[in-house]
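Q: My questions will all concern the structure given below.
The values are calculated or read from the model by the stated rules, or taken from the named source; none is laboratory data. All of these numbers come straight from a predicted model, not from anything done at the bench. All Cβ positions, even for glycine, are placed from backbone atoms using ideal geometry, and neighbour counts span all protein chains on display. We work out accessible area using only protein heavy atoms, side chains counted, and drop any ligands, DNA or RNA first. Shrake-Rupley method; radii C 1.70, N 1.55, O 1.52, S 1.80 Å.
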Amino acid sequence: MLQYVTTNEGKVREAKAYLDSVEQFEFDYTEIQADELGPIAAAGAREAARVTNKKVLVDDAGLFIDGFDGFPGPYSAFVEESVGIDTVQRMAERELSPPRTASFRCALAFCEGVNTDSTETKSAHVFTGSVKGKIVSQRGDQGFGYDPIFEVDGHTLAEMTPEEKNTLSHRGRALEAFSTWFASEYWPDTNQWESGTQPNPTSSNAYSWGLLSGPQYSSSWTSA
Ligand code: ITT
């Protein structure tokens with residue numbers, strides 16, 4: 001079973017709509033200060049895996065508004081909690097001309113604990129997904145966080161079910177990249193979708209995705 005390390009039930013709902021063997025795991029990892037989501041998720045995954053010695057996934061996400069140079073980006077949680085999404089939408093409406101473009105990004109970091117022959121924590125693998133959209137007045141009552149003010153192809157993310165959101169969202173794309181890599185890594189000789197991280201068929205289209213590389217994590221998977 002994969003442990004989805006988050007306090008956010010909305011993220012878990014979307015992960016469960018995509019992967020079979022995943023459960024919410026509340027672990028308070030240290031959030032490092034960084035401009036990008038990948039290193040934050042990777043450091044969190046390594047810490048959670050080191051302490052628990054379980055297979056963990058850490059999901060760090062953020063809204064990057066083009067006209068605000070990517071703000072709130074890695075500070076999205078702080079901004080949502082302190083001023084709220086309505087204020088973000090009104091700021092965008094007041095300061096920016098339409099179409100008020102933005103992207104939502106997700107970095108999903110996987111780590112599986114410590115090496116058996118040493119006490120070293122294994123590297124984290126980081127999978128990213130992003131989706132372009134625009135900031136609009138609130139619509140819809142599904143989803144969570146910034147979903148009501150983020151529109152993609154004429155619908156806000158809050159107007160979609162978790163399954164619909166997964167087919168085009170930042171998280172859906174990161175989950176797709178992760179599950180493809182995970183199946184090839186753990187069941188290279190079998191039908192990769194037989195067990196474990198079985199993707200929901202509605203989400204199995206080819207998506208754009210990316211792998212990050214750096215000292216804290218490795219990217220041993222290359223694009224198909
Ligand atoms: P954890 O750190 O415990 O996972 P969190 O909600 O703080 O929970 P993030 O730091 O990744 O997670 O989220 C940053 C902000 O972006 C936060 O305000 C979320 O509500 C929001 N957010 C994350 N994913 C989102 C999504 O798919 N749709 C809308 N808002 C999202």
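Q: Among the aspartates and glutamates, which have Cα under 12 Å from the Cα of K55 when same-chain residues fewer than 8 positions away are ignored?
A: E23, E47, E112
Q: So if we plug the beta-carbon distance of N53 and S137 into 1/(1 + (r/R0)^6) with R0 = 35 Å, what FRET efficiency do we get, rounded to 0.05? Each step should come with its number before you reach the end.
A: Working: r = 47 Å, r/R0 = 1.33.
Result of the calculation: an efficiency of 0.15.
Q: Grab the beta carbon distance between M1 and Y75, set R0 = 25 Å, and tell me the FRET efficiency rounded to 0.05.
A: 0.20
Q: Another question, if that's okay. What are the ³J(HN,Hα) couplings of the stretch 144-152, residue after residue, when phi is run through the Karplus curve with 6.51, -1.76, 1.60 and θ = phi - 60°? Round to Hz, x for glycine and proline.
A: Ordered by residue, 3J(HN,Hα) equals 6, x, 7, 3, x, 10, 10, 9, 10 Hz.
Q: I'd like the carbon and sulfur percentage of the solvent accessible area for the stretch 1-142, probe radius 1.4 Å, heavy atoms only, ligands and nucleic acids excluded. Can you show the working numbers first?
A: Numbers: 3070 of 7040 Å².
Exposed carbon and sulfur together represent 44 percent of the surface.
Q: What are the ³J(HN,Hα) couplings of the stretch 31-41, residue after residue, when phi is run through the Karplus curve with 6.51, -1.76, 1.60 and θ = phi - 60°? Round to Hz, x for glycine and proline.
A: 8, 6, 7, 7, 7, 10, 6, x, x, 5, 5
Q: Beyond a 26 Å Cα-Cα separation, which of these cross-linked pairs lie in this structure: K11/K54; K122/K165; K11/K134?
A: Checking Cα-Cα distances, K122/K165 exceed 26 Å.
Q: Give the ranking of M1, M91 by solvent-accessible surface, highest area first, calculated with a 1.4 Å probe.
A: Sorted descending by solvent-accessible area, the residues read M1, M91.
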